[in-house]
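To start, the structure under review is shown below, and the notes come after it.
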């Protein structure tokens, strides 16, 4: 789908950053490893409050406008003091807002076709 291209996702991430979320600068668009479409992308970032990498990707079903956050596995436990848990909650809130933003953009894109 056209709304999953690297250029479109980068444009949407730029628009999302323009909304003023404090942690949006950690987002980057990267290629999604799929044999059939070299221009398909997803959004990745390294969280600041804990050393966990995540990516945000569109649903796999054709025509899906859903987006989901996937957290990469960790080798070790990550105990966090209260302040870092608070910082993590802000990063997670930003991720939730990003998924909602991307879903709304995806729905609008498909409605305009």
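The values are calculated or read from the model by the stated rules, or taken from the named source; none is laboratory data. Computed from a predicted model, the values in this text were never measured in an experiment. Note: ideal-geometry Cβ built from the backbone for every residue, glycine included; neighbour counts use all protein chains shown.
The residues of the range 1-44 that are under 21 Å from residue 109 (Cα atoms), at pLDDT below 80 and surrounded by fewer than 16 Cβ atoms within 10 Å (Cβ to Cβ), listed by number, are 2, 37, 38, 39.
For the range 1-31, residues that are outside any helix (DSSP H, G or I) and in contact with a helix residue (DSSP H, G or I) (Cβ under 6 Å, 6 or more places away or on another chain) total 4.
When the range 52-77 is examined, which residues are found to be in a loop (DSSP other than H, G, I, E, B) and surrounded by 12 or more Cβ atoms within 10 Å (Cβ to Cβ)?
Those that are in a loop (DSSP other than H, G, I, E, B) and surrounded by 12 or more Cβ atoms within 10 Å (Cβ to Cβ): 52, 59, 64, 65, 66.
Scanning the range 63-91 for residues that are out of contact with any strand residue (DSSP E or B) (no Cβ under 8 Å at 6 or more places or on another chain) and without any contact (Cβ under 8 Å) to a residue 40 or more places away in the chain yields a count of 16. For residue 95, the requirement of being part of a strand (DSSP E or B) and either within 13 Å of the chain's Cα centre (by Cα) or exposed (fewer than 13 other Cβ atoms within 10 Å of the Cβ) (or both) is not met.
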